[in-house]
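Some notes on the structure that comes next.
The values are calculated or read from the model by the stated rules, or taken from the named source; none is laboratory data. Every value quoted in this text rests on a predicted model; they were computed, and no experiment measured them. When we count neighbours, we look across all protein chains shown, and the Cβ atoms used for this are built from the backbone with ideal geometry, even at glycine. Only protein heavy atoms, including side chains, enter the accessible area calculation; ligands, DNA and RNA are left aside. Shrake-Rupley method; radii C 1.70, N 1.55, O 1.52, S 1.80 Å.
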Amino acid sequence: MASSRIRSGLPLLNRILRSDSLSTQRPAIQRSVLTPAFTAFQPSKNLSTSSVQKEEKIKLPITLYGGTGNYASALFVVAKRSKVLDQVESEILDLIEASKKSPKFSQFLKDLSVRADTRVKAINEICATAKFSDITKNFLVIVAENGRLNHLESIVNKFKQLTMADKGIVKAMVTTVMPLPPQEEKELKETLQDIIGHGKTVQVEQKIDPSILGGIMIEFEQKLFDMSIRTRAKQMERFLREPVDFDAL
């Protein structure tokens, strides 16, 4: 399993981080694999390993915004065009899962003080050990080179949104103070399915958050329905603080 191969590569990461013999120069990575920043990210030039040819037009199933959205969209386009979308998705999800199980690896991803050449060398070693595809490896190298590994989980979450939308799956995040009973969850899923319509499948994910005090929050397709007691209380507080115009009564 890829996640076990990633874990087996963590000792390599430890050695790399502790090594005093690392070059202070950037590694000799092809310029076609590097980008200066989020806004200049060009997937067809940076990730693809195939020869130059007429490229298939890939349409994004949903539009994502921000830097992490740009990275996720770029990876989706290249993986989809290369017909390795499922493989790339599996690989980067395995990487995130491995980071959650290894405090050292997680710290490495978040540590902005690690030099660029160290980050890239570590990522190359891990990708080689896990036998990741070239597209996944090139993508991770770009993220490492640009000092964006601390945003990797957010990028992967947005990439997951794209792959789910591509499969016609709509994720609905339901937040409550305690788990919904099975019957209520079933009824909520049926209601959401009616709202979304045919051609798509609702996938409900429950999130427990005592801070909302009660009620429910539902987020899907970049829409938020906030029916929590916390929000109602804040609205009531604002209403009570507003001055009353007795002349208008």
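Looking only at the stretch 158-216, count every residue that is under 22 Å from G69 (Cβ atoms) and either aliphatic (A, V, I, L, M) or open to solvent by 30 Å² or more (accessible area, probe 1.4 Å) (or both) and tell me the total.
Residues meeting the conditions: 18.
Within the group S4, S50, which residue is at pLDDT below 60, out of contact with any strand residue (DSSP E or B) (no Cβ under 9 Å at 6 or more places or on another chain), part of a loop (DSSP other than H, G, I, E, B) and not basic (K, R)?
The conditions single out S50.
Looking at the stretch 93-110, which of its residues are open to solvent by 50 Å² or more (accessible area, probe 1.4 Å) and either farther than 15 Å from T136 by Cα or among the small types (G, A, S) (or both)?
Selection gives E97, K100, K101, P103, K104, Q107, K110.
Quick test for you: out of S133, S113, S90, S82, pick the one residue that is surrounded by fewer than 22 Cβ atoms within 10 Å (Cβ to Cβ), of a type in the set (S, T, N, Q) and modelled with pLDDT under 90.
That would be S113, the only listed residue that is surrounded by fewer than 22 Cβ atoms within 10 Å (Cβ to Cβ), of a type in the set (S, T, N, Q) and modelled with pLDDT under 90.
Got at least one residue in the stretch 172-182 being in contact (Cβ under 8 Å) with a residue 60 or more places away in the chain and within 16 Å of the chain's Cα centre (by Cα)?
no
Considering only helices (runs of 4 or more DSSP H) fully contained in the stretch 82-194, which possess at least 3 residues that are closer than 30 Å to I208 by Cβ and out of contact with any strand residue (DSSP E or B) (no Cβ under 7 Å at 6 or more places or on another chain)?
In the stretch 82-194, 85-101, 103-110, 152-166 are the helices (runs of 4 or more DSSP H) which contain 3 or more residues that are closer than 30 Å to I208 by Cβ and out of contact with any strand residue (DSSP E or B) (no Cβ under 7 Å at 6 or more places or on another chain).
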